[in-house]
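*Asks:* One structure, pasted below without further comment.
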Amino acid sequence: MKPAKFDYYCPKTVDEALALLEEIGFDGKIIAGGQSLVPIMNMRLSTPEYLIDINQLKDLQFIELDGSKMKIGALTRQTEIEMSDAVRKHLGLLSEAVPYIGHVQTRNRGTFGGSLVHADPSAEIPLSLMALGGTLHIASKEEVREVNVEEFFVTYLTTDIMPNELLTEIHVPVPEGRTGYSFHEISRRHGDFALVAAACQLSIDDQDRISKVRLVLGGVDAVPLLITDASVMEGEHLSAPLLNKIADMVDEAVNPESDLHATADYRRHLAKQLAVRTVKTAYERARGENNERS
Ligand SMILES: Cc1cc2nc3c(=O)[nH]c(=O)nc-3n(C[C@H](O)[C@H](O)[C@H](O)COP(=O)(O)OP(=O)(O)OC[C@H]3O[C@@H](n4cnc5c(N)ncnc54)[C@H](O)[C@@H]3O)c2cc1C
């Protein structure tokens, strides 16, 4: 299959790209790594009249620690995230999740921002950012606006971004104190999208009581699902009864669907198992135990 005919633009600056987006609007599409857009265009599920190639916008390709936050440019390749020592040191959850994305070849082209805007509910980067928290900086010709990750994902493959807008950078808070993280996923084959995935970051106090927790599940709803009730863990030591409570909470919260790859019941079962495993590993890591990769 070949894509429908389109006109191609390759702006050299962000301002040039924003002016093009303003002019073209709904008839155009941004292409970054092309690892999701090109297959979709080939299947004619998307037939933009104009393609705006942002791969020359090198200002959007960076990883930078700025005080208590990590700033990541939207055009940063997934491989750069995977190989970054700064990300491994400060945002270990991302370093653990990114290698699960596709294959080396797709990660060499695929971008951090492209995965966020594509917004597949079982994708590793949207899930990890939801667990880490953060803000997305979205520019148009008129302004730059900041959106919290909780408000960015609207529904399946749909985000808060408008056709005349460009995601430029993402700011992720660097966790402080005794913090642990963990990422687990089950997929049919290596490189496939996850059937179900779980990501967790938590902090504990000097008595090993949980002080802060974000638990997120993928593949079980139309968006990466933040388990807001997980806050019941705060003030508690992790225990078998608390882990059972988490499993029940997840059972309540998820809305999995059956498809060719797995039944809704199987996804629900996986969600409970992976949530418990992920919280347990994150807690052990916060206590300085279990630093094995999951
Ligand atoms: C074989 C294969 C296996 C894969 N497996 C996985 C997997 O296991 N997990 C996973 O998460 N992904 C997987 N992917 C998808 C991959 O991660 C893509 O790279 C990612 O989904 C999209 O990023 P991209 O840079 O390629 O964006 P593109 O495909 O270029 O664009 C994706 C969408 O985002 C928009 N966009 C891109 N950048 C911006 C921006 N800066 N501002 C505004 N809009 C923008 C585009 O207009 C388009 O709508 C796989 C892909 C392939 C080909």
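The values are calculated or read from the model by the stated rules, or taken from the named source; none is laboratory data. Note that the coordinates shown come from a computational prediction; the quantities given were computed from them, not determined experimentally. Here Cβ is always computed from backbone atoms with ideal geometry, including for glycine, and neighbour counts include all displayed protein chains. These accessible areas exclude ligands, DNA and RNA; they are computed on the full protein's heavy atoms, side chains included. Shrake-Rupley method; radii C 1.70, N 1.55, O 1.52, S 1.80 Å.
*Asks:* Determine the principal axes of the Cα atoms in segment 101-232, then give the extent along each, sorted from largest to smallest and rounded to whole angstroms.
*Replies:* Answer, in whole Å and largest first: 50, 39, 26 Å.
*Asks:* Determine the gain in length on full extension of the stretch D15-T263; use 0.36 nm per residue of separation and subtract their C-alpha separation, reporting nm with one decimal. Before the final figure, lay out the partial values.
*Replies:* On the way: separation 248, 0.36 × 248 = 89.28 nm, distance 4.66 nm.
Taking D15 through T263 to full extension adds about 84.6 nm, to one decimal.
*Asks:* Take the alpha-carbon positions of segment 173-272, form their convex hull, and give its projected area averaged over all directions (one quarter of the hull surface) in nm².
*Replies:* Working: hull surface 28.4 nm².
Result: 7.1 nm².
*Asks:* What ranking of H184, H261 comes out by heavy-atom accessible area, probe 1.4 Å, highest first? Walk me through the numbers on the way to the answer.
*Replies:* Numbers: H184 20, H261 100 Å².
Greatest to least solvent exposure: H261, H184.
*Asks:* Give me the orientation-averaged projected area of the Cα convex hull of segment 58-173, in nm², one decimal.
*Replies:* Details: hull surface 27.4 nm².
Value for segment 58-173: 6.8 nm².
*Asks:* How much FRET efficiency would the formula 1/(1 + (r/R0)^6) give for A247 and T106, where r is the Cβ-Cβ distance and R0 is 45 Å, rounded to 0.05? Mind dumping the intermediate values first?
*Replies:* Details: r = 33 Å, r/R0 = 0.74.
For A247 and T106, the calculated efficiency is 0.85.
*Asks:* In addition: Given a 1.4 angstrom probe, what's the average accessible area per residue across segment 178-286, in square angstrom?
*Replies:* On the way: 5060 Å² over 109 residues.
Per residue, segment 178-286 has an accessible area of 46 Å².
*Asks:* Multiply the residue separation of D192 and E289 by 0.36 nm, subtract the distance between their alpha-carbon atoms, and state the gained length in nm to one decimal.
*Replies:* Details: separation 97, 0.36 × 97 = 34.92 nm, distance 3.03 nm.
Extending this stretch completely gives an extra 31.9 nm.
*Asks:* Further, regarding this structure: Go ahead and run the numbers for FRET between N55 and Q207, Cβ-Cβ distance against an R0 of 45 Å, rounding to 0.05. Can you show the working numbers first?
*Replies:* Working: r = 50 Å, r/R0 = 1.11.
Approximately 0.35, to the nearest 0.05.
*Asks:* Identify, among G191, G67, A139, the residue whose Cα sits farthest towards the positive end of the charge dipole of the chain, taking +1 on the Cβ of Lys and Arg and -1 on the Cβ of Asp and Glu, with the dipole about the Cα centre.
*Replies:* Of the listed residues, the answer is G191.
*Asks:* Normalized C-alpha radius of gyration of segment 7-53, against 2.2 N^0.38 Å? If you can, show how the numbers build up before the last one.
*Replies:* Working: Rg = 10.7 Å, N = 47, 2.2 N^0.38 = 9.5 Å.
For segment 7-53, the normalised Cα radius of gyration comes out at 1.12.
*Asks:* So what's the net charge close to E146: Lys and Arg +1, Asp and Glu -1, counting the other residues with Cβ under 13 Å from its Cβ?
*Replies:* That works out to -3.
*Asks:* Enumerate the amide H contacts of T159 below 5 Å, restricted to partners 5 or more residues apart or on another chain; note that Pro and chain-start residues carry no placed amide H.
*Replies:* Close amide H contacts, sequence-distant or interchain: V154.
*Asks:* I would also like to ask the following. For the chain, with equal point scatterers placed on the C-alpha atoms only and solvent neglected, what are the log10 I(q)/I(0) values from the Debye formula at q = 0.07, 0.11, 0.14 1/Å, to two decimals?
*Replies:* Treating every Cα as an identical point scatterer, log10 I(q)/I(0) equals -0.26, -0.65, -1.02.
*Asks:* Which value in nm describes the separation of the simple spin-label points at K71 and H237, placed 7 Å from the Cα toward the beta carbon?
*Replies:* 4.4
*Asks:* Label points 7 Å out from Cα along the Cβ direction at E23 and T47: separation in nm?
*Replies:* Computed distance between label sites E23 and T47 equals 2.4 nm.
*Asks:* Along each of the three principal axes of the Cα atoms of segment 218-283, give the extent in whole Å, ordering the values from largest to smallest.
*Replies:* Projected onto its principal axes, the Cα set of segment 218-283 covers 40, 18, 18 Å.
*Asks:* Here's another thing I want to ask about it. Report the trypsin sites (Lys or Arg not before Pro) located in segment 53-87 that are in a DSSP loop and have at most 13 other Cβ atoms inside 10 Å of their Cβ, or state none. Could the numbers behind the result be given before it?
*Replies:* Details: sites: K58, K69, K71, R77; in loops: none.
Filter output for segment 53-87: empty list.
*Asks:* Which of the aspartates and glutamates could a cross-linker bridge to K280, judged by Cα under 17 Å and excluding same-chain residues fewer than eight apart?
*Replies:* E96, E185, D205, D208, D229, E234, E236, D248, E289, E292
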